[in-house]
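Novice: Sharing a structure below in structure tokens format, with a few things to ask.
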């Protein structure tokens with residue numbers, strides 16, 4: 001079923017934008033226009049010059065790159081009040097009857113519960129079989145385990161690391177540290193600002209499968225520039241992430257043919273890259 005969305009506000013930037021039900025796959029043009037529509041509802045893009053520039057854009061290449069710091073430091077300016085407030089859904093590598101999510105607010109599958117990062121002590125001697133947590137929460141958990149202030153006797157399935165623009169990334173070598181400390185397989189994920197899943201690691205553990213139908217990545221001056229097609233609550237349009245990575249386009253042994261992101265890390269000269277992005 002076709003749905004017509006209208007951008008409301010001053011008459012000079014009202015435009016009809018057509019899209020289709022989210023239940024079916026959108027074309028690249030439809031995804032682009034839907035994201036533009038969401039951006040135009042945010043305080044940042046209601047400024048006349050920005051709105052005119054965005055409406056005139058025919059593709060992503062026509063939109064200036066924005067440093068991630070600008071979005072994170074002024075997040076309320078980039079919120080779309082008309083979008084659904086529902087959080088992203090937690091995607092586990094396999095079903096778990098006792099998964100605990102730490103430090104991230106997401107919609108949870110059956111058998112999962114959530115706690116705040118400042119309530120990690122609740123994990124002590126709990127029936128938790130799988131952990132899903134942000135990098136900062138994982139570091140705190142490991143520090144407590146190594147100090148013998150926290151015991152996780154039932155953790156036997158996996159640790160899912162929830163990374164992103166806000167959450168940050170694991171540092172080089174931390175996967176080995178997590179294995180030594182917790183003794184279970186590690187699965188990395190990359191989430192958007194609305195909790196939408198952008199990339200996830202499979203059981204082969206050769207990198208994260210990038211969901212190209214949900215987002216687009218560009219490499220500019222050695223850094224990754226992200227556009228998330230389905231983050232309509234906090235629209236991300238060509239945001240310079242400050243991350244770098246390699247891409248492997250071979251079919252994964254698991255059978256997934258999506259590109260694999262390897263060695264995702266912070267750009268060493270991230271400050272310089274973000275400054276150049278702001279001036280672009």
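Novice: In nm, what is the difference between 0.36 nm times the number of residues separating residue 248 and residue 148 and their Cα-Cα distance?
Specialist: Computed gain between residue 248 and residue 148 is 32.0 nm.
Novice: Hey, another quick one. Tally the DSSP beta bridges in the chain and give the antiparallel ones as a percent, rounded to 5.
Specialist: Numbers: 28 of 49 bridges.
The antiparallel proportion sits near 55 percent.
Novice: Between the helical axis of 270-279 and the dominant principal axis of the chain, each derived from Cα atoms, what acute angle in degrees is found, rounded to the nearest 10?
Specialist: So the inclination is approximately 10 degrees.
Novice: Right, something else. Within the stretch 158-245, what percent of beta bridges assigned by DSSP are antiparallel, to the nearest 5?
Specialist: 75
Novice: If r is the Cβ-Cβ distance from residue 62 to residue 125 and R0 is 35 Å, what FRET efficiency results, to the nearest 0.05?
Specialist: The calculated FRET efficiency here is 0.05.
Novice: What is the distance in Å between the Cα centres of the stretch 116-193 and the stretch 36-108?
Specialist: First find each Cα centre; the distance between them is then 26 Å.
Novice: Quick check: the angle from helix 28-40's long axis to the longest principal axis of the chain, C-alpha only, nearest 10 degrees?
Specialist: The angle comes out near 90 degrees.
Novice: Continuing with the same structure: When a footprinting reagent is the concern and you count Cβ atoms within 10 Å, what order do 138, 63 take, fewest first?
Specialist: Final ranking by Cβ density, sparse to dense: 63, 138.
Novice: If I take every Cα pair under 8 Å that is 6 or more residues apart in the chain, average their sequence separation and divide by the length, what percent do I get for the relative contact order?
Specialist: Here the relative contact order equals 16 percent.
Novice: Once you have the Cα-Cα distance between residue 76 and residue 98, take 0.36 nm times their residue separation minus that, and quote the gain in nm to one decimal.
Specialist: 4.5 nm
Novice: Within the stretch 220-245, name every residue whose backbone N is under 20 Å away from a label modeled 7 Å from Cα of residue 268 along the Cβ vector.
Specialist: The answer is 220-225, 241-245.
Novice: Helix 135-146 sits at what angle to the longest principal axis of the chain, using alpha carbons and giving 0 to 90 degrees rounded to 10?
Specialist: That works out to roughly 10 degrees.
Novice: Once every DSSP H run of n ≥ 4 in the chain is given -39500 (n - 2.57) and the sum is divided by its residues, what mean residue ellipticity at 222 nm do you get, rounded to the nearest 500 deg cm²/dmol?
Specialist: The helix contribution divided over the chain gives -6000 deg cm²/dmol.
Novice: Still on this structure, please answer the following. Within the stretch 230-259, list the residues whose amide N lies under 14 Å from a label point set 7 Å along Cα→Cβ of residue 204.
Specialist: 248-259
No value in this document is a laboratory result; all are computed from the given coordinates. Here the structure is a predicted model, which is why all the values come from computation and not from measurement. Cβ sites come from the backbone with ideal geometry, for glycine too, and all protein chains shown count toward neighbours.
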